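To start, the structure itself, in structure tokens.
The values are calculated or read from the model by the stated rules, or taken from the named source; none is laboratory data. Remember, predicted model here, so these are calculated numbers, not experimental data. Note that we place each Cβ from the backbone using ideal geometry, even for glycine, and neighbour counts take in every protein chain shown. These accessible areas exclude ligands, DNA and RNA; they are computed on the full protein's heavy atoms, side chains included. Shrake-Rupley method; radii C 1.70, N 1.55, O 1.52, S 1.80 Å.
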Amino acid sequence: MLAKPNISFKKAKLLSKGMETPFLVLSKKKIEENYTRLSLALENKVSLFYAVKANPISEVIEIIKNIGGGFEVSSADELRLVMNFNVPLNKIFYSTPVKKRSEISYFYKEGINLFVFDNDTEIEKIAQCAPKSQVMLRIQTKNKNSLIDLSLKFGAEPKEALYLLEKARNMGLYPRGICFHVGSQCLSPESYKEAIKLCHSIFEAAAERGIHLDLLNIGGGFPIGYRKKVPDITTFCKTINEALKYYFYGRFDVDVVAEPGRFICADAFTLVTRVIGKSIRNNKIWYYIDDGLYGSFSGRIYDKGDYLILTEKDGYKVPSVLAGPTCDSFDVIYEDYELPDLKIDDLILVPGMGAYTIVSASNFNGFKRAKVVVID
Ligand SMILES: Cc1ncc(COP(=O)(O)O)c(C=O)c1O
């Protein structure tokens, strides 16, 4: 499966008559469809909490809320954002393992009483700022099949799990379960299977010590096809369902949740950008476009994003440089992208631009972030 553009060149041209490029075209239907597809692929047994960090724009929050989804938030600002949409507290999951005291107190004051931790000192902070709260332990799992490793910074070593859960209980907190993240853009469901097996052994060992866990959070990581195909989500989730069946359902009285970000929003957005300059430098064709690394293509840096660049032109393609509009020489999106001969003002469509793109864009050099246009 590859992300497809959600708008034709013909429509993009029409839209660009009334609005300056660059802009991002959002298909609200696609957000809904992605949420439903993932939910079905997980046999409607896993509650989904959309990871707001992937794309926090209001339209996305509103759709997820309207279809009954939950939200994974990482900061006080993300909490305020979803609370502005009157999302009930039981639909909000606060996932950050290492937090400022002031943030713990703020969430507690707002009525959140489930916190994630992955080390000793965090237990002490939670016990002090949110006494008697429930807690989940984030563990480190192998991220070798993922583009973005999310176990480098957070996650307790599995061998410390029992000690940490017992310490939390001794400090007056209520251990509820285990979280993990297999890494973002995970290309093999085997990573989930291994992690689920590991969680099963922690659930069993904890039960022997009288700690009965009842919540499992399998994180995000569900992949989408940018330039390389990824398995269809139903096929991908089969292995996860089998592992949950074997290690959890029927063995523990457990609720399972997931925190998908990318899968929900990435291919619901298509970027429309335009060639604004062309030159030959060192025998190579350079195309300058009106969005770049400081804008929607910030995902090239922070998300290791490798996007499909679509043009309307056929014909012989040559390795070309694609650069953003700012004065910084660093603002080069691709150094060797095979492109046909393009002219000034030609439009370019980039599908799959919804996750970890505008959220990390800036207005550097006075070039504004791409606006969002909703089409359906
Ligand atoms: C704690 C947590 N949950 C969920 C996500 C979303 O992951 P993805 O976009 O890969 O689904 C992330 C991504 O960084 C994360 O850190």
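May I ask you to verify whether residue 356 is modelled with pLDDT of 95 or more, in a loop (DSSP other than H, G, I, E, B) and more than 17 Å from residue 272 (Cβ to Cβ)? Against the criterion (modelled with pLDDT of 95 or more, in a loop (DSSP other than H, G, I, E, B) and more than 17 Å from residue 272 (Cβ to Cβ)), residue 356 qualifies.
Of all residues in the stretch 248-267, those that are more than 17 Å from residue 150 (Cβ to Cβ) have Cβ atoms under 7 Å from Cβ atoms of residues that are of a type in the set (Gly, Ala, Ser) and at pLDDT below 95, 6 or more apart or on another chain, in 267/3. Filtered by the rule that a residue be open to solvent by 50 Å² or more (accessible area, probe 1.4 Å) and more than 23 Å from the chain's Cα centre (by Cα), the stretch 20-32 gives a lone residue, 20. A Cβ distance below 6 Å, combined with a sequence gap of six or more or placement on separate chains, defines the contacts here; from the stretch 58-69, residues that are of a type in the set (Lys, Arg) reach residues that are surrounded by fewer than 18 Cβ atoms within 10 Å (Cβ to Cβ) and at pLDDT 95 or above in the pairs 65/85. Whether a residue is open to solvent by 40 Å² or more (accessible area, probe 1.4 Å) and of a type in the set (Phe, Trp, Tyr) was assessed, and residue 85 passes this test. Of all residues in the stretch 350-376, those satisfying the criterion of being on the phi > 0 side of the Ramachandran plot and in contact with a helix residue (DSSP H, G or I) (Cβ under 8 Å, 6 or more places away or on another chain) are 352, 356. Does at least one position in the stretch 1-12 carry a residue that is open to solvent by 10 Å² or more (accessible area, probe 1.4 Å), closer than 16 Å to residue 352 by Cα and polar (S, T, N, Q)? Within the stretch 1-12, one or more residues are open to solvent by 10 Å² or more (accessible area, probe 1.4 Å), closer than 16 Å to residue 352 by Cα and polar (S, T, N, Q).
Of the strands (runs of 3 or more DSSP E) lying entirely inside the stretch 141-206, those containing at least 2 residues that are modelled with pLDDT under 95, touching a Gly at 6+ places or on another chain (Cβ under 9 Å) and not basic (Lys, Arg) span 146-148.
Selection of helices (runs of 4 or more DSSP H) fully inside the stretch 209-326 by the criterion of at least 2 residues being open to solvent by 10 Å² or more (accessible area, probe 1.4 Å), among the charged types (D, E, K, R) and away from the ligand (no atom under 16 Å from the Cβ) returns 233-247. Contact map, the stretch 140-159: first residue aromatic (Phe, Trp, Tyr), second residue within 12 Å of the ligand (Cβ to nearest atom), Cβ cut-off under 6 Å, separation 6 or more or different chains; pairs are 154/97; 154/118; 154/138. Within the stretch 186-197, is there a residue that is within 13 Å of the ligand (Cβ to nearest atom), in contact with a helix residue (DSSP H, G or I) (Cβ under 7 Å, 6 or more places away or on another chain) and among the aromatic types (Phe, Trp, Tyr)? Yes, because at least one residue in the stretch 186-197 is within 13 Å of the ligand (Cβ to nearest atom), in contact with a helix residue (DSSP H, G or I) (Cβ under 7 Å, 6 or more places away or on another chain) and among the aromatic types (Phe, Trp, Tyr).
If you go through the stretch 37-58 and pick out every residue that is more than 16 Å from the ligand (Cβ to nearest atom) and open to solvent by 60 Å² or more (accessible area, probe 1.4 Å), you end up with 4. Return yes when residue 67 is open to solvent by less than 50 Å² (accessible area, probe 1.4 Å), within 18 Å of residue 35 (Cα to Cα) and aliphatic (A, V, I, L, M) and no when it is not. Here the answer is no, as residue 67 does not meet what is asked.
Within the stretch 212-246, being polar (S, T, N, Q) and touching a Cys at 6+ places or on another chain (Cβ under 9 Å) holds for one residue alone: 217. Filtered by the rule that a residue be within 14 Å of the ligand (Cβ to nearest atom) and touching a helix residue (DSSP H, G or I) at 6+ places or on another chain (Cβ under 6 Å), the stretch 172-183 gives 178, 180, 182.
Within the stretch 116-133, how many residues turn out to be over 20 Å from the mean Cα position of the chain (by Cα) and either within 28 Å of residue 62 (Cα to Cα) or hydroxyl-bearing (Ser, Thr, Tyr) (or both)? Total meeting the criteria: 2. For the stretch 288-308, filtering for residues that are at positive phi and in contact with a Phe, Trp or Tyr (Cβ under 8 Å, 6 or more places away or on another chain) leaves 0. For the stretch 346-367, the candidate set comprises residues that are β-branched (Val, Ile, Thr) and within 16 Å of the ligand (Cβ to nearest atom); within that set, the residue that is most open to solvent (accessible area, probe 1.4 Å) is 359.
Residue check: residue 178 meets all listed conditions (1) surrounded by fewer than 23 Cβ atoms within 10 Å (Cβ to Cβ); (2) under 19 Å from residue 50 (Cα atoms); (3) aliphatic (A, V, I, L, M) but one, namely (1). Is there a residue being under 29 Å from residue 183 (Cβ atoms), charged (D, E, K, R), open to solvent by 10 Å² or more (accessible area, probe 1.4 Å) and part of a helix (DSSP H, G or I) anywhere in the stretch 332-340? Checking the stretch 332-340: not a single residue is under 29 Å from residue 183 (Cβ atoms), charged (D, E, K, R), open to solvent by 10 Å² or more (accessible area, probe 1.4 Å) and part of a helix (DSSP H, G or I).
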